[in-house]
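Here the structure comes first, spelled out in structure tokens, and everything after it is commentary.
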Amino acid sequence: MYFHPPTLDLGPAAAWIGLALLLYQVFAPPLLRSWNSRFQELLLADERAKAYRTALRLAGWCVLTEVLLVMAFVGTAAAVTPADIGLAPLAFTDRGSPGLVLLAAGFAAGFAYFLAVLVRANLRVLRYLRSGVVPAGTDRDQFLLLPGDLREHRVRALVFALNVFSQVLVVYVVLFPLLATLTEPMLAVVVLGLLGGWQYVGHDGYEILVAACLAALGLFLYATVLPGSLLVPLLVWGSYGAVMLGAQRAMTGMPVPRVSRPLPPLEVTVLDADGNPVERPGR
């Protein structure tokens, strides 16, 4: 594998800051799990303004804290170059093996196919909503969590952008070069891919799996094909976010249909003149 930051010399202060950021990435998701549940409760209770205001404030404080720690990491490192922290010009590597390049191309093609399937699934849900029907096997409450108007959609898009920015900044500027210096880059890809899924603990299993796969894909391409450029993870997360936020924008403000339950079967009992049930033929 190509990526290995031989020019990065951590120094004691940067090493401790990197360790603190790694521990933060491990312990923050369980602590924020209760907030995610609270956010959904506020939306279902129709306290939407409070929910979105708190979400934006929380995202802002988290990003500010992480930016300051990343700046401290870079500032206290004994030696660092732009390529070590993802600021190298975009260029394909000429040192990767053909097998790794083909594997990376296969992963990229699989990601494009996944986005196409996601677009198709969202269009199907949108057709159901426009016809006033909740898709089979879908919890109606999930549609109550969608943005109610354009203002809420803009806030949700901003929170998503802040989360992606903070994750890319922490993972690619600090954690990946830190782990790639101490161990093999491929091991760093696996560990940080799993950590990317861990950031969504408290969500459903599908979201955790998607987050882990996207994190691992971005890191793998970054380490094998386009080393040292933050454009790689930004393209991966940006394209996924564009599909999801585009679907939410299309569904914003749409009335959530009620679940129509089938009526129970109606049975009629016929009584004779004495008030006794008349036996039906065939019974």
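The values are calculated or read from the model by the stated rules, or taken from the named source; none is laboratory data. Note that the structure is a prediction, hence the values are computed from the model and not measured. Every residue, glycine as well, gets a Cβ built from its backbone with ideal geometry; the counts of neighbours run over all protein chains shown. Protein only, heavy atoms only, side chains kept; ligands, DNA and RNA dropped before computing areas. Shrake-Rupley method; radii C 1.70, N 1.55, O 1.52, S 1.80 Å.
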ask   = Does A180 count as at pLDDT 90 or above, buried (at least 18 other Cβ atoms within 10 Å of the Cβ) and either part of a loop (DSSP other than H, G, I, E, B) or not charged (D, E, K, R) (or both)?
value = no
Of the residues in segment 225-283, those that are exposed (fewer than 10 other Cβ atoms within 10 Å of the Cβ) and either at pLDDT 80 or above or among the acidic types (D, E) (or both) number 4
Given (1) open to solvent by less than 80 Å² (accessible area, probe 1.4 Å); (2) modelled with pLDDT of 80 or more; (3) within 21 Å of A223 (Cα to Cα), D149 misses just (3)
Taking first residues from segment 18-30 that are over 21 Å from D84 (Cα atoms) and modelled with pLDDT under 90 and second residues anywhere that are surrounded by 14 or more Cβ atoms within 10 Å (Cβ to Cβ) and not hydroxyl-bearing (S, T, Y), the pairs with Cβ under 6 Å that are 6 or more apart or on different chains are P29/W198; P29/Q199; P29/V201
